[in-house]
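**Student:** Below is a structure I'd like to ask you about.
The values are calculated or read from the model by the stated rules, or taken from the named source; none is laboratory data. Keep in mind that this is a model prediction, so the values were computed, not measured. Backbone-built Cβ (ideal geometry, glycine too); neighbour counts: all protein chains shown. Just the protein is used for accessible areas: all its heavy atoms, side chains included, with ligands, DNA and RNA removed. Shrake-Rupley method; radii C 1.70, N 1.55, O 1.52, S 1.80 Å.
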Amino acid sequence: MDGIDATVDEMFTQYPEIVKKNRKKHLVVKTEAAETCPQIEANTRTIPGIISQRGCAYAGCKGVVVGPIKDMLTITHGPVGCGYYSWGTRRNKARADASTPKDKIYGQLCFTTDMQEPDIVFGGDKKLAKMIDEVVAMFHPRAVNICSTCPVGLIGDDIVAVAKAAQERHGIQVLAYACEGYKGVSQSAGHHIANNNIMQNVIGTGTEKKTGKHVINILGEYNIGGDGWEQERILKECGYTVNCVMTGDASYLDIKNLHLADLNLVQCHRSINYIAEMMETRYGIPWLKANFVGVEATSQSLRQMAKCFDDPELEQQTEVVIARETAQITPILEQYRKICEGKKAFVFVGGSRSHHYQYLLRDLGMEVVVAGYEFAHRDDYEGRQVIPTIKSDADSKNIPELHLTPDEKLYRESHNYLHLSKERFEALKKEVPLNYYEGMYPNMKSGEIMVDDCNHHEVEELVARIKPDLIFSGVRDKYISEKMGVPAKQMHSYDYAGPYAGYNGAINFAHDVAHTLTTPAWKMIVPPWEKKEEPVHTGQGGENHA
Ligand code: CFM
């Protein structure tokens, strides 16, 4: 056994046999030989006792998908901690505009029923109903979301009945999400629960189609640090009419009108692929996997989009925008590239960024030696062609699969949306990734590691053995590596920075990465593997494990 295989084997040596066997299935090393991705185990339960970096279903529903809808007032039904710790930490930005005044934007506020012991014993539904009445009287929201936390499911509060009664009392839509934290194995379950409810009850209820050419939605873009705004800027300059960025800076009305678009772009496949697929089934709207993280990646996505519409004017304007934007940023990027070139990086993020950011890091000349997802599914690693082979288990069966049928009035065959003949549409599918995502594997290079649900111990092992120059991760794994002398960039909320998407975002990112790499403080930390008297692991606890 040599090189990377030996490293991988060594990182599992401290596990009991049964754990070793399990965790090995969650790791794949890319090889020249294997063109298609070997099967990886993903979206399965974390072994009890292992310190996972994952979140919960409530986080995926409230924090990720429905929370950012700016003028929907979202109530956390549960103890105060769940509401408090999911309050404003994700940096999904929103701003007032002509249709949404400032006082209708609720992202800065935290609404929770603050369940106490008596509510757990006697039920929290009355308190929830009262709270809806109070927030409606105080804020006059256009619609309300109720997101459940663990105890709500355990005591059996009927939030659907409470929502229905409140909807009748107040004449506004009140949506209940049974997204108890324990449902499913990670926040991924919450994405699915949110997608289902929005699809069934909100999308398709609006009638206001935007005027303008080439009307598009960006699905799975949450406007972290302003990413969505940068993408919107570029797309508008190319000549698109942006109907909705879902759900970053989206309004309730935008979501109601989501079906009135010609093309859905899918930025984060993991969190929103259900809606993209269901909109294709119900309305016939095609979707295109796009990635606006990275200079080359952004230009490629723009070119692929332009191809979809088969409009020479659009293609020409796309080239003008690409040429102008890249000319502006290339000289600046080159300066940062001198610092970043050849540096090794790990990327551990949730369910899509670890793929997207590989493009931007390679623009800077960096190597991504390890990439991992917290909660992705096999299709995010291996490509959507594996979906029919994914076995459902007790956890995935917990979340209903909606089986939609084409809408009697609104369904049109996909090629009509793009004003293409059926034949041209079929040919187009071979040129651009329409209704398809190839996953992360094809983008990795030989010898690079892909790891699912990478835990605290494995992060330590990988850092100590492969010694990257920089880690891109979440808040928990960030400090593991920093204590080992390896700088980290927090890639969920970007700490306080961003946007990182699009052309201007690439400059911000390059600036922040170059600064991190050149910060002298990291040279002053002696990593544990260089302290001879203090081995990285004793297996006995002690100061290294404090
Ligand atoms: Fe999609 Fe996201 Fe991500 Fe995600 Fe998330 Fe996020 Fe993420 Mo944090 S929706 S899967 S559940 S791209 S909050 S904006 S950064 S883990 S990689």
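**Student:** Amide H neighbours of ASN145 under 5 Å, counting only residues 5+ apart in sequence or on other chains, H built in-plane at 1.01 Å?
**Tutor:** Here the answer is LEU73, THR74, ILE75, LEU175, since their amide H atoms fall under 5 Å of that of ASN145.
**Student:** Find the centroid of the Cα atoms in the stretch 474-498 and in the stretch 210-229, then give the distance between the two in whole Å.
**Tutor:** Here the answer is 28 Å between Cα centres.
**Student:** For Cα pairs less than 8 Å apart in space and 6+ apart in sequence, what is the mean separation divided by the residue count of the stretch 126-200, i.e. the relative contact order in percent?
**Tutor:** 32 percent
**Student:** Jot down the per residue volume, in cubic angstrom and as a whole number, of the convex hull over the alpha-carbon atoms of the chain.
**Tutor:** 163 Å³
**Student:** Run the numbers for THR389 and ASP97: contour at 0.36 nm per residue of separation, minus the present Cα-Cα distance, in nm.
**Tutor:** 100.6 nm
**Student:** Can you pick out the pairs among LYS21/LYS62; LYS62/LYS209; LYS62/LYS183; LYS70/LYS209; LYS422/LYS445; LYS343/LYS483 whose Cα atoms lie more than 25 Å from each other? Mind showing how you got there, number by number?
**Tutor:** Numbers: LYS21/LYS62 34 Å; LYS62/LYS209 28 Å; LYS62/LYS183 13 Å; LYS70/LYS209 20 Å; LYS422/LYS445 37 Å; LYS343/LYS483 19 Å.
Listed pairs above 25 Å: LYS21/LYS62; LYS62/LYS209; LYS422/LYS445.
**Student:** In whole percent, what relative contact order does the chain give with Cα contacts below 8 Å and a gap of six or more residues?
**Tutor:** Relative contact order for the chain comes out at 18 percent.
**Student:** How much accessible area per residue does the stretch 461-538 have, counting only protein heavy atoms and a probe of 1.4 Å, in square angstrom?
**Tutor:** 44 Å²
**Student:** On to the next question. Loop-only check: which GluC sites (Glu not before Pro) in the stretch 301-339 are DSSP coil with at most 11 other Cβ within 10 angstrom?
**Tutor:** When the GluC sites (Glu not before Pro) of the stretch 301-339 are filtered for loop state and at most 11 Cβ neighbours within 10 Å, nothing remains.
**Student:** Over the heavy atoms of ASP249, what accessible area does a 1.4 Å probe trace out, to the nearest 10 Å²?
**Tutor:** 30 Å²
**Student:** Then there is this: What whole number of Å gives the distance from the Cα centroid of the stretch 67-89 to the Cα centroid of the stretch 388-431?
**Tutor:** Cα centres, the stretch 388-431 to the stretch 67-89: 32 Å.
**Student:** Let me ask another. In sequence order, what are the phi-derived ³J(HN,Hα) couplings for the stretch 398-403 according to the Karplus relation 6.51 cos²θ - 1.76 cosθ + 1.60 with θ = phi - 60°, rounded to whole Hz, with x for glycine and proline?
**Tutor:** Karplus-based 3J(HN,Hα) across the stretch 398-403 equals 4, 10, x, 8, 7, 10 Hz.
**Student:** While we're on this one: Sort 133-142, 372-381, 470-479, 437-446 by packing, meaning the average of other beta carbons within 10 Å per residue, with the highest value first. Display every interim value, and only then the final one.
**Tutor:** On the way: 133-142: 14.5, 372-381: 26.2, 470-479: 20.7, 437-446: 18.7.
Top to bottom by mean Cβ count within 10 Å: 372-381, 470-479, 437-446, 133-142.
**Student:** Still on this structure, please answer the following. In what sequence, highest mean first, do 290-297, 10-17, 183-190 appear when ranked by Cβ atoms within 10 angstrom?
**Tutor:** In decreasing order of mean packing, 290-297, 10-17, 183-190 become 183-190, 290-297, 10-17.
**Student:** Next question, about the same structure. Could I have the simple spin-label model distance between ASP133 and ALA161, label points 7 Å from Cα toward Cβ, reported in nm to one decimal?
**Tutor:** With each label point 7 Å from Cα toward Cβ, the separation is 1.7 nm.
**Student:** First measure r as the distance between the Cβ atoms of VAL475 and SER421, then evaluate 1/(1 + (r/R0)^6) with R0 = 51 Å and state the FRET efficiency to the nearest 0.05.
**Tutor:** Efficiency computed from Cβ-Cβ geometry: 0.50.
**Student:** Express the accessible area of the stretch 243-302 per residue in Å², computed with a 1.4 Å probe while the remaining protein chains stay in the model.
**Tutor:** That works out to 16 Å² for each residue.
**Student:** Further, regarding this structure: Considering the zone a paramagnetic label at GLU208 would reach in this model (a point 7 Å from Cα along the Cα-to-Cβ line), which residues of the stretch 253-286 have amide N under 16 Å from it?
**Tutor:** Only 253-261 fall inside the zone, counting backbone N under 16 Å.
**Student:** In terms of solvent-accessible area of protein heavy atoms at a 1.4 angstrom probe, what is the ranking of THR36, THR76, THR46, highest value first? List each step's numbers first, then the result.
**Tutor:** Numbers: THR36 110, THR76 0, THR46 40 Å².
So the residues, ranked largest to smallest area, are THR36, THR46, THR76.
**Student:** To continue, here is another question. What is the distance in Å between the Cα centres of the stretch 3-39 and the stretch 432-469?
**Tutor:** That distance is 12 Å.
**Student:** Over the stretch 15-101, average the accessible area per residue using a 1.4 Å probe and give it in Å², no decimals. Don't jump to the answer; show the numbers that get you there.
**Tutor:** Values: 4310 Å² over 87 residues.
That works out to 50 Å² per residue.
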